[in-house]
Amino acid sequence: MFTLPVTSEIDCSLVDMANEFSRDFDQLLFQARDIESMRPQSQTVPILDQFLDQNRVSVKSLRDFKRTARDLIAACRIKSIIHPLLADHVFREAERFLFIIDMFEQHLTGTPVAMRDLEEH
């Protein structure tokens, strides 16, 4: 969590959003466990593609949240015990996870992966 204690409306908003992300990713985890438990029947391109799309939407929202938090921390607009470099690292982790989702989707659909894509990440 980026802000403790909560001292402003921005802080409250970020805490609420973080709690929503927690619930969202809990649901994705439960779905992943369901898909895993139904193997091999669940290992179809349509099921996995839909699951990847749901993850991508959630991770993009989380990445945007982390970008906002990083920028607010860097601008000293929220109180945080997190160093701005750590906030940037956490943001880049979300970017990396989006790349991994794209790579998995390319593998799933048989799309070749360019070496330069791997080198960039």
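State whether one or more residues within the stretch 40-57 are hydrophobic (A, V, I, L, M, F, W, C), closer than 19 Å to F21 by Cα, part of a helix (DSSP H, G or I) and open to solvent by 70 Å² or more (accessible area, probe 1.4 Å). Explain how you work it out, then say what you get.
Initial filter on the stretch 40-57 (hydrophobic (A, V, I, L, M, F, W, C)): 45, 47-48, 51-52, 57.
Restricting the remaining residues to those that are closer than 19 Å to F21 by Cα gives 51-52, 57.
Next, only the ones that are part of a helix (DSSP H, G or I) stay: 51-52, 57.
If we keep only those that are open to solvent by 70 Å² or more (accessible area, probe 1.4 Å) as well, we get 57.
Checked the stretch 40-57: at least one residue is hydrophobic (A, V, I, L, M, F, W, C), closer than 19 Å to F21 by Cα, part of a helix (DSSP H, G or I) and open to solvent by 70 Å² or more (accessible area, probe 1.4 Å).
Identify all residues within the stretch 60-75 that are without any contact (Cβ under 8 Å) to a residue 60 or more places away in the chain, touching a helix residue (DSSP H, G or I) at 6+ places or on another chain (Cβ under 9 Å) and not basic (K, R); write none if there are none. Reasoning before the result, please.
Quick first cut of the stretch 60-75, residues without any contact (Cβ under 8 Å) to a residue 60 or more places away in the chain only: 60-68, 70-71, 74-75.
Going one step further and asking which of them are touching a helix residue (DSSP H, G or I) at 6+ places or on another chain (Cβ under 9 Å), we end up with 60-68, 70-71, 74.
Matches in the stretch 60-75: S61, L62, D64, F65, T68, D71, A74.
Check the stretch 76-84 and report whether any residue there is charged (D, E, K, R), open to solvent by 60 Å² or more (accessible area, probe 1.4 Å) and part of a helix (DSSP H, G or I). Walk me through it before giving the result.
Here is the first cut: in the stretch 76-84, the residues charged (D, E, K, R) are 77, 79.
Imposing the further condition that a residue be open to solvent by 60 Å² or more (accessible area, probe 1.4 Å) reduces the set to 77, 79.
Now restrict to residues that are part of a helix (DSSP H, G or I): none.
No, the stretch 76-84 contains no residue that is charged (D, E, K, R), open to solvent by 60 Å² or more (accessible area, probe 1.4 Å) and part of a helix (DSSP H, G or I).
Could you say whether any residue in the stretch 80-103 is modelled with pLDDT under 90 and charged (D, E, K, R)? Before the answer, list the steps.
At the first step, the residues of the stretch 80-103 found to be modelled with pLDDT under 90 are 80-82.
Adding the requirement that they be charged (D, E, K, R) leaves none.
No, the stretch 80-103 contains no residue that is modelled with pLDDT under 90 and charged (D, E, K, R).
Across the stretch 1-22, what is the number of residues that are at pLDDT 50 or above and surrounded by 14 or more Cβ atoms within 10 Å (Cβ to Cβ)?
8
Kindly provide the set of residues from the stretch 58-75 that are polar (S, T, N, Q) and open to solvent by 50 Å² or more (accessible area, probe 1.4 Å), ordered by number.
Taking the stretch 58-75 first, the residues polar (S, T, N, Q) are 58, 61, 68.
S61, T68 - these are the residues of the stretch 58-75 that are polar (S, T, N, Q) and open to solvent by 50 Å² or more (accessible area, probe 1.4 Å).
The values are calculated or read from the model by the stated rules, or taken from the named source; none is laboratory data. It should be emphasised that the depicted structure is a prediction, and the values quoted were computed from it without experimental measurement. Positions of Cβ are generated from backbone atoms using ideal geometry, with glycine treated the same way; all protein chains shown enter the neighbour counts. Just the protein is used for accessible areas: all its heavy atoms, side chains included, with ligands, DNA and RNA removed. Shrake-Rupley method; radii C 1.70, N 1.55, O 1.52, S 1.80 Å.
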